[in-house]
Amino acid sequence: MSPYRHSSFWGFIVFNICVLVSGDGANLTASEVPPLSSVVVSSAVFKPGLGSVLSLNLLSSFPEDLEISDYCSELLHIFGQRYVAYVNCLVPAARPVKVCQNCFSSYGSLTEIFSNISSDQVGPGNVSCRDSLLRSDRLMLVYELYENLKVLWEKSDCHNCITKGFQNLTSDTLHFMTTLNQTLTCFEQYQQKNKTELCTNCKTDYKNLNVLYGGMEKNKTMCIDIEDAMNMTRRLWSKNFNCSFPREETVPVIAVSSFMLFLPIIFYLSSFLHSEQKKRKLIHPNRAKSYSSLMNIQDNRS
């Protein structure tokens with residue numbers, strides 16, 4: 001080691017000893033030195049200061065002529081509450097489908113508040129909220145949110161099961177639900193017993209339910225709730241309980257199919273009989289008849 005490096009090494013040692021001795025209140029023993037695992041290293045995450053937070057908050061303030069009125073703000077708040085209430089009703093009613101019978105009241109309330117927002121009628125201070133809440137930006141969030149739920153309502157055909165004004169279920173829907181409950185009650189009564197007994201005793205209730213459903217399907221007075229309930233009931237009847245129910249409209253189909261099946265046999269049989277009759281009524285030609293007459297004349301002469 002060179003003399004220069006040797007002197008530098010001892011100088012560094014002397015300097016550290018002086019620091020430890022002269023440090024005011026900084027003398028630490030080996031037991032007082034914190035372990036490396038307890039040392040917290042601050043990450044390089046940006047933490048905005050107070051001034052930057054205040055500057056961000058100031059960006060949310062605009063002149064009063066650009067802000068919506070208190071009346072429109074209240075309508076927007078009510079719309080948000082009713083929107084959430086309707087969605088919270090839809091999710092539990094997804095399976096089995098009961099979106100019409102369980103959520104028609106919530107949808108009616110949502111429709112009412114949206115009508116108030118989109119109407120031309122002015123509120124307090126001659127203020128209309130249609131332009132400020134529905135058309136003030138390209139996104140048109142309030143309008144899009146409502147339209148999505150409106151499409152869902154129309155796709156479910158809920159208007160067929162609900163009276164005007166979203167007051168109650170229609171009489172046809174209530175009648176179907178009553179008949180459905182009777183059928184399911186019969187299923188529950190006999191499902192633990194012999195399945196043959198269930199098919200026999202619940203046949204009448206199941207038949208009445210099918211007839212009622214067919215009429216509603218023909219008259220277009222059913223919604224997704226009725227359609228899904230009928231599909232599940234038919235699955236129980238045929239798949240779970242292995243019951244069969246001959247439908248009345250299958251009888252004419254079987255009769256026509258049987259007639260078409262035997263039609264070729266009838267055709268060939270009639271053709272055969274007709275040809276036999278022709279053979280029996282076959283008439284000899286005139287030429288043969290004249291030849292036999294000529295032979296008789298010659299015999300007489302001789």
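The values are calculated or read from the model by the stated rules, or taken from the named source; none is laboratory data. Given the structure is predicted, the values throughout are model-derived calculations rather than measurements. For neighbour counting, all protein chains shown are included, and Cβ atoms are generated from backbone atoms with ideal geometry for every residue, glycine included. Protein only, heavy atoms only, side chains kept; ligands, DNA and RNA dropped before computing areas. Shrake-Rupley method; radii C 1.70, N 1.55, O 1.52, S 1.80 Å.
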Exercise. Return the residue satisfying two criteria in turn: it lies in the stretch 214-228 and is within 11 Å of Asp172 (Cβ to Cβ) and of a type in the set (A, V, I, L, M), and of such residues it is most open to solvent (accessible area, probe 1.4 Å).
Key: Met222
Quiz item: Which residue, of Ile113, Ile68, is at pLDDT 95 or above, more than 15 Å from Cys158 (Cβ to Cβ) and in contact with a helix residue (DSSP H, G or I) (Cβ under 7 Å, 6 or more places away or on another chain)?
Solution: Ile113
Exercise. Could you please let me know if Leu149 is out of contact with any Phe, Trp or Tyr (no Cβ under 6 Å at 6 or more places or on another chain) and not assigned by the TED database to the domain that holds Ala93?
Key: no
Quiz item: Looking at the stretch 71-86, which of its residues are in contact (Cβ under 8 Å) with a residue 12 or more places away in the chain and of a type outside the set (Gly, Ala, Ser)?
Solution: Tyr71, Cys72, Leu75, Leu76, Ile78, Phe79, Arg82, Tyr83, Tyr86
Quiz prompt | Filtered residue count, the stretch 104-131, keeping only those that are in contact with a Phe, Trp or Tyr (Cβ under 6 Å, 6 or more places away or on another chain) and without any contact (Cβ under 8 Å) to a residue 40 or more places away in the chain | solution = 4
Quiz item: When you look at Ala93, is it outside any helix (DSSP H, G or I), within 22 Å of Ile113 (Cβ to Cβ) and either touching a Phe, Trp or Tyr at 6+ places or on another chain (Cβ under 6 Å) or modelled with pLDDT of 85 or more (or both), yes or no?
Solution: yes
Quiz item: assigned by the TED database to the domain that holds Leu180, at pLDDT 70 or above, over 29 Å from the mean Cα position of the chain (by Cα) and not charged (D, E, K, R), is that true of Cys199?
Solution: yes
Quiz item: Could you list, in sequence order, the residues of the stretch 205-222 that are hydroxyl-bearing (Ser, Thr, Tyr) and under 13 Å from Arg234 (Cβ atoms)?
Solution: Tyr206, Tyr213
Quiz item: What are the residues in the stretch 185-204 that are over 14 Å from Ser238 (Cα atoms) and either surrounded by fewer than 17 Cβ atoms within 10 Å (Cβ to Cβ) or in contact (Cβ under 8 Å) with a residue 40 or more places away in the chain (or both), if any?
Solution: Thr185, Glu188, Gln189, Gln192, Lys193, Asn194, Glu197, Asn201, Thr204
Quiz item: Which numbered condition trips up Leu134, out of (1) over 30 Å from Met222 (Cα atoms); (2) hydrophobic (A, V, I, L, M, F, W, C); (3) touching a residue at least 40 places away in the same chain (Cβ under 8 Å)?
Solution: (3)
Self-check item: Whichever residue in the stretch 122-144 is within 11 Å of Leu76 (Cβ to Cβ) and either of a type in the set (S, T, N, Q) or not in a loop (DSSP other than H, G, I, E, B) (or both) and, among such residues, is most open to solvent (accessible area, probe 1.4 Å)
Solution: Leu141
Self-check item: Test: residue in the stretch 80-103 that is more than 17 Å from Leu145 (Cα to Cα), open to solvent by 30 Å² or more (accessible area, probe 1.4 Å) and touching a strand residue (DSSP E or B) at 6+ places or on another chain (Cβ under 7 Å)
Solution: yes
